[in-house]
């Protein structure tokens with residue numbers, strides 16, 4: 001007899017931030033018999049958002065999971081989505097290349113992210129993480145990206161700087177090791193060998 | 001994953017506070033170039049430097065771009081040239097110096113050190129020839145830097161060598177009198193010279209070092225100054241130990257940046273990585289000054305009582321931060337006080353708050369010595385020798401490196417202004433108290449024995 005495929009969902013929740021949201025969501029999912037095996041959570045402009053993956057020992061309808069979470073919130077307070085985890089679609093080969101850090105600073109204006117992400121996509125650069133912070137009219141973008149091995153980094157840096165200058169912003173692309181070396185305590189030689197610090 | 005705050009802190013150091021790699025210095029052993037006739041040796045020297053350092057500047061520029069950190073100077077430090085000069089004539093010394101100068105230009109480095117003699121205990125004919133050739137060498141080459149070690153804790157002080165150096169410094173000043181004695185800015189006289197120092201003018205590849213090695217000098221007085229200022233802005237009544245702690249943390253970050261660049265340059269060139277030398281080496285730019293750090297700590301007048309303690313605090317905190325950051329810390333590692341190259345120190349000398357004697361006291365607790373001091377052109381050789389002897393004594397007794405770079409300025413008197421331009425900066429000719437007071441003592445020559453290393457109180 002063939003074993004049943006595991007029942008695994010990807011859950012996303014968007015809700016105005018308050019204390020104990022993550023407790024409420026994880027309680028709802030765990031009480032249905034799930035093991036939560038992946039979480040990414042942040043708050044953007046007062047909105048809490050989380051994406052988690054949960055594996056269930058026994059099959060559970062996705063709508064049951066969704067309703068269990070919604071019951072933890074007031075009507076119309078939260079937006080919840082539950083989709084089956086598709087291992088075939090997520091099992092893409094890892095993006096090859098070296099990690100760089102993008103920083104953009106200056107006065108905010110519409111179109112910055114569109115310009116930046118278009119430029120990065122055209123170069124085959126994968127965005128691993130992106131954060132934006134505001135201080136009055138000033139904005140700071142910090143992105144972690146993977147740069148393809150054959151990309152001419154100097155040319156890319158120049159194009160990036162010019163694209164940001166056209167928006168009256170200051171932009172830099174620097175290898176992540178300069179930030180890791182100056183902020184972590186592990187041996188520098190391990191960074192150059194591509195080994196993570198313990 | 002990196003945090004935004006950490007990324008922005010590093011970015012601020014790089015973009016606003018002048019954090020840079022002050023020098024990537026490649027050490028090259030030239031001892032296998034010994035050959036006769038001299039023309040053959042000179043060709044071998046040129047060929048070896050081109051072979052080893054041909055890609056140095058290009059790689060440094062690539063790595064600088066990759067990390068977004070400036071590598072300000074790319075330099076060479078060769079094994080002591082005096083070894084190559086044994087049994088040669090004065091014209092051979094000049095030919096060798098010119099070959100070094102040409103090779104440095106070929107590989108596009110701005111300075112080459114190692115025109116060096118180690119004479120703390122005695123002097124070979126080749127070492128004497130090297131010292132006597134310095135007026136011609138330093139006046140007819142652009143990139144060659146010279147250093148002479150006249151003392152060590154192990155050997156004591158070679159007072160005869162000091163006397164020869166005093167005479168030589170005056171001859172170098174006169175040979176470069178049309179440039180206000182600038183040749184002397186490329187000559188450092190040491191006690192306990194380090195074998196792996198990447199900073200000029202004293203860089204050379206010492207005994208016990210590899211065949212070819214990358215040593216890195218990082219600086220960053222601007223970074224340290226801003227860190228101290230931020231601390232005091234947030235806590236105006238902070239104590240000295242809090243300042244020391246802040247300097248230590250900042251030194252850690254600066255050292256790590258240098259080690260990253262140095263190790264990658266070495267790795268890509270396929271040579272050994274030697275040391276990272278975190279020395280707060282100022283430039284004449286405002287915001288890149290060690291003197292400004294003392295002012296930020298609360299010294300309104302540099303040279304006032306308390307200045308030596310401030311130097312000691314800074315020097316020690318820099319060393320501790322560097323030592324925690326890397327197991328490959330070496331060279332001088334501490335705080336430099338090169339008067340001409342630091343606008344705040346130069347102003348203090350001009351204002352009269354910082355005297356030669358106070359500077360000498362500061363050198364007992366800083367990482368080097370009396371560095372880039374302008375002196376009257378008519379200074380007596382015995383006075384120069386006395387200054388060198390005093391500085392050597394501080395190094396020998398305290399088991400530390402001290403050096404002097406003294407620049408007698410022909411035709412200039414106390415209080416005159418001199419500007420060398422660029423990184424060498426500008427300054428005021430300093431006064432020497434009792435200039436003739438030790439003539440008889442200096443003229444005795446000989447050797448000051450090594451100090452006792454027990455009964456240490």
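Summary table below
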| read-out | value |
| --- | --- |
| Residue B:237/residue A:12 FRET efficiency (R0 51 Å; Cβ-Cβ; nearest 0.05) | 0.55 |
| Label-to-label distance, nm, for residues given as residue B:355 and residue A:189 (7 Å Cα→Cβ offset) | 5.0 nm |
| Pairwise centroid distance, computed over Cα atoms, of the range B:50-83 with the range A:20-46, Å | 53 Å |
| Added length on full extension, which subtracts the Cα-Cα distance from 0.36 nm per residue, residue A:79 to residue A:107 | 6.9 nm |
| Pairwise label distance in nanometres, residue A:90 with residue B:50, each label 7 Å out on the Cα-Cβ vector | 5.9 nm |
| Computed helical MRE - 222 nm, chain A, DSSP H runs ≥ 4 contributing -39500 (n - 2.57), nearest 500 | -8500 deg cm²/dmol |
| Distance in nm between pseudo-label sites at residue B:324 and residue B:416 (7 Å out along the Cβ direction from Cα) | 4.9 nm |
| Theoretical FRET efficiency, 1/(1+(r/R0)^6), r = Cβ-Cβ of residue A:134 and residue A:41, R0 30 Å, to 0.05 | 0.90 |
| Sorted by Cβ neighbour density within 10 Å, fewest at the top, the residues B:176, B:168, A:53, A:117 | A:117, A:53, B:176, B:168 |
| Rounded tilt (10° steps) of A:21-30 against the dominant C-alpha axis of chain A | 50 degrees |
| Share antiparallel - DSSP beta bridges, the protein assembly as shown, percent rounded to 5 | 65 percent |
| Tensor-based shape of the range B:319-457 (alpha-carbon gyration tensor, a/c under 1.5 rounded, otherwise prolate or oblate) | oblate |
| Share antiparallel - DSSP beta bridges, the range B:25-191, percent rounded to 5 | 10 percent |
| Distance from the range B:234-274 to the range B:337-393 (C-alpha centre basis), Å | 28 Å |
| Estimated FRET transfer efficiency (residue B:36, residue B:286; beta-carbon r; R0 41 Å; 0.05) | 0.20 |
| Shape category assigned to the range A:98-192 from the gyration tensor of Cα positions, a/c cut at 1.5 | oblate |
| Length added when fully stretched, residue A:115-residue A:158, from 0.36 nm per residue minus Cα-Cα | 14.0 nm |
| Separation of alpha-carbon centers, the range B:150-172 and the range B:306-336, rounded to whole Å | 27 Å |
| Gyration tensor (alpha-carbon) shape descriptor, chain B, a/c threshold 1.5 | oblate |
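Computed from the coordinates by the stated procedures, all read-outs in this text should not be read as laboratory data. This is a predicted model, so every value here is computed, not measured. Glycine also receives a Cβ, built like all others from the backbone with ideal geometry; neighbour counts cover every protein chain displayed.
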